[in-house]
Amino acid sequence: MVSLDSPITIIRPEIIEFGVGTAERLGKWASDKGYARILVISDAFNATRVDTLGLKGEITVFADVTPEPDTANLDKVLAAANAADAQLVVGFGGGSAMDLAKLAAVLAGSSQTLREVVGPNKVHGPRRVALAQVPTTAGTGSEAGIRALVTDPDTMAKLAVESIHMLADIAVIDPALTFTVPARTTAATGVDAMAHCVEAFTNRKAHPMIDLYAIEGTRLVGKYLARAVKDGADAEARAGLALASLYGGFCLGPVNTAGGHALAYPLGTRWHIAHGAANALIFPHVLAFNTPSVPEKTRAVMDALGRKTSDDVQSVFDAAYSFCADLGIEMKLSALGVPDSDLDAMADDAFAIRRLLDNNPRDLARADIRSIYEAAY
Ligand SMILES: NC(=O)c1ccc[n+]([C@@H]2O[C@H](COP(=O)([O-])OP(=O)(O)OC[C@H]3O[C@@H](n4cnc5c(N)ncnc54)[C@H](O)[C@@H]3O)[C@@H](O)[C@H]2O)c1
Ligand SMILES: [Fe+2]
């Protein structure tokens, strides 16, 4: 386990603008920098409101980012980026758009291919373009981080690229952009933010410098997620979640997630279940499984979520389950169209994600993973 004197590296965007009404500050920043050719990478919904960013100059909008993007979607983005020859790339959307913007910023005009940069520190620098990130969901925290995830359709696994060269020059976090997120997506993405915090907090590599963000991010989700699901225009609740998402992003860089995300990934890659919804479904199972290894931290998590538990594993499971179920999230795999004949293949896929499973505070054997999928079915 890590302790207070363990080395850690913290990397953040140089500028973080935060608060309702800050979106248009991006335009002022870009003008001051003299960026005249700008490529905005976005999804169909957000592409219709690029004007809220106040950008000036020759602006190209890529509007076709798909949720949980795959390599084919990235290829389209790279073709657009090569054609636009932009000075500034802007990721405008949820984690899907921001992750593809990161990859476009380093791969467009480069001799390196996606395959050559998968893993940590493979991207050759320096980056030739500036990069700005503007999140429109409160979930991934991708705006603050150096990772990008793309699904490989052949293996149905997430390819993870990690590079300092994908760090944004500026992140503009305007909670007002999230008012339009539908209740279901609000719930799922909010649990994703919480999962980043909880999995970093209970992590084998947990560090006191990050625990601060992790537990506060968890508390913000406990306080505000139900409110935002109920009333999407609740500005205070939306701001609380945007902050929780950012704090989750702070957790991902130096510590990262663990068993929860490893078990959630096959639900997204094999069955296209939204990333946050998959995390929510898995969350109570892994939290309860890990409780014997990190009892104090588990208690702190449940306190932060505002749910009373005893030291008993079942009570942790019940409280975590009802936290997610009360948000209207479907908590049964069978109800999401996953056939039980796939549980073995899912367990194989999850068990192969060593980069995350090795962070888990308690060893998750393949049989444990299979049992969790069975219980979640
Ligand atoms: N880079 C990282 O560190 C990191 C961390 C966690 C997750 N991720 C990745 O992020 C992706 C998921 O991102 P996400 O959960 O933000 O979802 P998303 O970006 O896929 O968006 C989900 C849906 O919400 C819509 N949407 C986005 N903003 C909206 C708004 N303001 N109003 C209405 N609709 C809106 C999108 O069009 C899309 O249909 C996954 O690929 C996941 O692997 C990356
Ligand atoms: Fe996540």
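Going down the table (Lys158/Lys205; Lys28/Lys102; Lys122/Lys223; Lys158/Lys308; Lys230/Lys308; Lys56/Lys102), which pairs top 28 Å between alpha carbons? Beyond 28 Å between Cα atoms: Lys122/Lys223; Lys158/Lys308. Relative contact order of the chain: 16 percent, from C-alpha pairs under 8 Å at least 6 residues apart in sequence.
Note on surface exposure: Ser310, Ser42 rank Ser310, Ser42 by accessible area, highest first, 1.4 Å probe. Measuring r between the beta carbons of Arg355 and Asp312 and using R0 = 41 Å, the FRET efficiency lands at 0.80. Classified by the C-alpha gyration tensor, region 177-274 has an oblate form. Its axis ratio a/c, with a ≥ b ≥ c, is 1.5 or above, and a/b does not exceed b/c.
Length gained on full extension, Asp51 to Met209, computed as 0.36 nm times the residue gap minus the Cα-Cα distance: 53.1 nm.
A cut-off under 12 angstrom between Cβ atoms defines the neighbours of Trp29, and their net charge, with Lys, Arg +1 and Asp, Glu -1, is -1. Rolling a 1.4 angstrom probe over the protein heavy atoms with all chains in place gives region 222-377 an accessible area of 38 Å² per residue.
For region 157-176, no residue has its backbone nitrogen under 12 Å from a point 7 Å from the Cα of Ser6, taken along Cα to Cβ. Between region 1-38 and region 203-235, the C-alpha centres lie 20 angstrom from each other.
Maximal additional length on extending the Asp340-Asp32 stretch stands at 105.3 nm, based on 0.36 nm per residue less the C-alpha distance.
Rolling a 1.4 angstrom probe over the protein heavy atoms, how many square angstrom per residue are accessible across region 15-178?
Normalised by residue count, the accessible surface of region 15-178 is 39 Å².
Taking label points 7 Å from Cα along the Cα-to-Cβ direction, Ser293 and Ser322 give a separation of 2.8 nm. Can you classify region 285-324 as rounded, prolate or oblate using the Cα gyration tensor, where a ≥ b ≥ c are the square roots of its eigenvalues, rounded means a/c under 1.5, and otherwise it's prolate if a/b beats b/c and oblate if not? Oblate, because a/c is 1.5 or more while a/b does not exceed b/c.
The modelled label-to-label distance for the pair Glu116/Arg366, using points 7 Å beyond Cα in the direction of Cβ, is 3.5 nm.
When +1 charges are put on Lys and Arg Cβ atoms and -1 charges on Asp and Glu Cβ atoms, the dipole computed for the chain relative to its Cα centre reaches about 580 debye.
Of all the accessible heavy-atom surface of region 15-178, with the other protein chains kept in place and a 1.4 Å probe, what percent is carbon and sulfur? Whole-percent figure for carbon plus sulfur exposure: 54.
Computed extension gain for Ala79 through Glu330, at 0.36 nm per residue and net of the alpha carbon distance, reaches 86.6 nm. Ordering Ile16, Ile38, Ile353 by accessible surface, largest first, gives Ile16, Ile353, Ile38; the 1.4 Å probe counts only protein heavy atoms, with every chain in place. Split the accessible area of region 183-376 by element, probe 1.4 Å, and carbon with sulfur accounts for 54%.
The values are calculated or read from the model by the stated rules, or taken from the named source; none is laboratory data. Because the structure is a prediction, the values reported are computed rather than measured. So basically every Cβ, Gly included, is an ideal-geometry build from the backbone, and we count neighbours across all protein chains shown. Only protein heavy atoms, including side chains, enter the accessible area calculation; ligands, DNA and RNA are left aside. Shrake-Rupley method; radii C 1.70, N 1.55, O 1.52, S 1.80 Å.
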